[in-house]
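Here the structure is laid out as structure tokens; the discussion comes afterwards.
The values are calculated or read from the model by the stated rules, or taken from the named source; none is laboratory data. Fair warning: this is a prediction, and the values are worked out from it, not measured in the lab. Methodologically, a virtual Cβ is constructed for each residue, glycine included, from the backbone with ideal geometry; neighbour enumeration extends over all protein chains shown. These area figures cover heavy atoms from the full protein model, side chains too; ligands, DNA and RNA do not enter into them. Shrake-Rupley method; radii C 1.70, N 1.55, O 1.52, S 1.80 Å.
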Amino acid sequence: MWIVAVSFFGLMLLGMPIGVVIGIAGAIGLVQLGDVSFLAMAPKRYFEGLDMFTFMAMPFFILAGELMNASGITQRLVAFALSLVGYLRGGLAHANMVASVLFAGMTGAAVSDAAAMGNTLVPAMVKQGYSKPFACAVTAAGSIIGPTIPPSNLMVIYGSIMGVSIAGLFAAGIVPGLLICAICMAVIAALGKKLGLPKGEGRPSLISILVSFKDSLIGLTMPAIILGGILGGVVTPTEAASIAVAYAMFVGFVVYRTLTLRQVGVMLIRTARITGSVFLIIAAASILSWWLTFHQIPQMIAHAMLSVASSKEGVLGLILALLLFVGMFLDITAALIILAPVLGPLTAAVGIEPVHAGIMIILALNISLMTPPVGACLFVLCSVTGEKMERIARALVPFLIAEVAILFLITYWSDLTLFVPRLFGYVQP
């Protein structure tokens, strides 16, 4: 176990891609079972790790987000968000959060949200008088709403590998995502006078709100198609994702006429690259997961945690601490695939509903997207805006504290998470 662990962290510190690191660590584990003949199991495990129909939803959701962003939907959603909350002190910051909620229903990826808002709202906020670190911090804090409110690629992965209803996870993510938006807007309001945030010019008229709503209606229809179809039991997540792609192409080519075949080709290549890197991690992790299961390491970790904290509340606290710590140093997709089979049985042992456990684990890892040293959203914003990571990280502290508080709230108050899934019959009352 120590040889595999040292190999894993040693290769990761050398900067090797995480998918390759996991694959090599899994191969070393197989050799440790006896001799090199055990490596013959690696190809079988590698391909079986990807042999799940639900994984097909991921590239479709990624492509749909790319298409909607390129077609100009993002700008219309931002304009609608501004018409709703732009008059408040810190109006652009509030609009950033509301736009993240609207954008979440299309992409399901925090990095896409961070890139889109970093390109559009951060320059606008700086021009209006916000400091660039604060503007980036608001964008980073709002970006994790994307993979929390459905659709969410992490939910697709978790549901597939753990046998949990993906539709149930989608339903369970709605309330936590809205709570994150609300708590971040409360932080912005609290910091408004202290930081001297700019204030908008008067309340908007009902007519102006309706006009901006009409302009953004085509974009707002996509989340309705995805969520309505899945939660209504009409389509599977994979089918909903493919319908979203068809809808996005129709909007881009026929309605707005902003898309070209050349752009679609570039987006297809980018989607293939993103999907390939994620699938490499999933496939390689299946080898390492098999080795961990063979040695009953998940059971050993569960036993160790239960011996330290015998109460349900104590175990949940340890799980959250572990996830937040690991997420600071490891790609969250890899962390999810490695830790989910370990923590899933542990949460079941203390009586946590599987859908609730999934949302708790996913939200904890989502928060890690905006924590240094390897927070993906921080890297994106540094690249897009040219701001230094340490300055963004300092400005993020109030938002990080608030979002961790929401994480503990939804962990210890399960009804917040399970209300919507129970409403649609995915979780028994």
Inset, instruction - Compare Tyr247, Tyr130 by solvent-accessible area with a 1.4 Å probe and give them largest first, with all protein chains kept in place. - result: Tyr247, Tyr130
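With +1 on the Cβ of every Lys and Arg and -1 on the Cβ of every Asp and Glu, and nothing else charged, how large is the dipole of the chain about its Cα centre, in debye rounded to the nearest 20?
Working: 20 positive and 15 negative charges, 242 e Å.
The calculated dipole for the chain is roughly 1160 debye.
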Legend entry - Set of aspartates and glutamates near Lys127 by C-alpha distance (under 20 Å), chain-local residues within fewer than 8 positions excluded: Glu201, Glu387
Legend entry - Accessible-area ranking of His94, His295, His303, largest first, probe 1.4 Å: His303, His295, His94
Inset, instruction - Calculate the spin-label point distance for Thr260 paired with Phe38, positioning each point 7 Å from the Cα along the beta-carbon direction, and give it in nanometres. - result: 5.5 nm
Inset, instruction - Kindly sort Val126, Val164, Val6 by accessible area of their heavy atoms, largest first, with the probe set to 1.4 Å. - result: Val6, Val126, Val164
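May I ask you to order 273-284, 136-147, 348-359 by the average number of other C-beta atoms within 10 Å around their residues, highest value first?
Values: 273-284: 19.3, 136-147: 30.0, 348-359: 20.8.
Taking the mean over residues of other Cβ atoms within 10 Å, the ranking is 136-147, 348-359, 273-284.
Taking all pairs of different Cα atoms in the chain, averaging 1/r and flipping that mean, what Kirkwood radius in angstroms comes out? Could you put the intermediate results ahead of the total?
Details: mean 1/r = 0.0450 Å⁻¹.
Hydrodynamic radius (Kirkwood, Cα only) of the chain equals 22.2 Å.
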Legend entry - Potential extension, Phe408-Leu50 segment - 0.36 nm per residue separation minus Cα distance: 125.6 nm
Legend entry - Over region 1-107: Kirkwood hydrodynamic radius from C-alpha pairwise inverse distances, Å: 18.0 Å
Legend entry - Approximate spin-label separation Ser307-Gln128, in nm, with each point projected 7 Å along Cα-to-Cβ: 5.6 nm
Legend entry - region 269-285 versus region 139-184: alpha-carbon centroid distance in Å: 20 Å
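Can you give me the Rg/Rh ratio for region 265-404, using Cα atoms for both radii and the Kirkwood formula for Rh?
Numbers: Rg = 17.2 Å, Rh = 16.7 Å.
That ratio equals 1.02.
More than 14 Å apart: what percent of Cα pairs in region 327-393 qualify? Don't skip to the end; give the middle numbers.
On the way: 1350 of 2211 pairs.
When every Cα pair of region 327-393 is considered, 61 percent fall beyond 14 Å.
Nearest 500 deg cm²/dmol is fine: what mean residue ellipticity at 222 nm does the chain get from its DSSP H runs of n ≥ 4 alone, each adding -39,500 (n - 2.57), divided by its residue count?
Roughly -25500 deg cm²/dmol at 222 nm, from the helical runs in the chain.
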Legend entry - Of Met155, Met58, Met267, the one that fluctuates the most in a GNM where the chain has Cα springs shorter than 10 Å: Met267
Legend entry - Phi-based couplings in Hz for region 260-271 (Karplus 6.51, -1.76, 1.60; Gly and Pro marked x): 10, 4, 4, 4, 4, x, 4, 5, 5, 5, 5, 4
Inset, instruction - Determine by what factor the alpha-carbon radius of gyration of region 242-338 differs from 2.2 N^0.38 Å, reporting the quotient. - result: 1.69
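Normalised by the residues of the chain, what does the relative contact order come to in percent, with Cα pairs under 8 Å and at least six apart? The partial results should precede the final answer.
Numbers: 624 pairs, mean separation 109.3, N = 429.
This gives 25 percent for the chain.
Please report the net charge: other residues with Cβ closer than 12 Å to the Cβ of Ile352, K and R +1, D and E -1. The partial results should precede the final answer.
Working: positive: Lys312; negative: Glu313, Glu353.
Cβ neighbours under 12 Å give a net charge of -1.
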Legend entry - Selection from Ala224, Leu197, Asn153, by position along the positive dipole direction of region 127-269 (Cβ): Leu197
Legend entry - Largest-first principal axis extents of the Cα set of region 101-203 (Å): 49, 24, 23
Legend entry - Per-residue HN-Hα couplings for region 418-424 [Karplus 6.51, -1.76, 1.60; θ = phi - 60°; Hz; x = Gly/Pro]: 8, 4, 5, x, 5, 4, 9
Legend entry - Most mobile listed residue (Asn366, Asn69, Asn96) in the chain, GNM with C-alpha springs under 10 Å: Asn69
Legend entry - Exposure of Arg422 as accessible area (Å², to 10), given a probe of 1.4 Å and all protein chains: 80 Å²
Inset, instruction - Output the relative contact order of region 108-257, whole-number percent, from Cα pairs under 8 angstrom with separation of 6+ residues. - result: 19 percent
Inset, instruction - Lys and Arg at +1, Asp and Glu at -1: add these up for the other residues within a Cβ distance under 13 Å of Cys377 and post the number. - result: -4
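Using a cut-off of 15 Å between beta-carbons, work out the net charge of the residues near Thr258 (Lys and Arg +1, Asp and Glu -1, Thr258 not included). Don't skip to the end; give the middle numbers.
Numbers: positive: Arg76, Arg257, Arg262; negative: Glu66, Asp215.
Here the charged neighbours net out to +1.
Give me the extension gain from Asn119 to Tyr87: residue separation times 0.36 nm, minus the current Cα-Cα distance, reported in nm with one decimal. Kindly include the intermediate steps, with their values, before the conclusion.
On the way: separation 32, 0.36 × 32 = 11.52 nm, distance 2.21 nm.
Taking Asn119 through Tyr87 to full extension adds about 9.3 nm, to one decimal.
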Legend entry - FRET E, pair Ala182, Arg394, Förster distance 25 Å, beta-carbon r, rounded to 0.05: 0.60
Inset, instruction - Among Pro345, Pro17, Pro151, determine the one that fluctuates most according to a GNM of the chain built with springs between C-alpha atoms less than 10 Å apart. - result: Pro17
Legend entry - Contact order relative to length of region 1-135, as percent, for alpha carbon pairs under 8 angstrom and 6 or more apart: 16 percent
Legend entry - Exposure of Leu346 as accessible area (Å², to 10), given a probe of 1.4 Å and all protein chains: 0 Å²
Inset, instruction - Could you list which residues have their amide H under 5 Å from that of Lys199, counting only those 5 or more apart in sequence or on another chain, with H placed in the peptide plane? - result: Gly90
Legend entry - Label point 7 Å beyond Cα of Leu13 along Cβ direction - residues of region 368-382 with amide nitrogen under 20 Å: 372-375
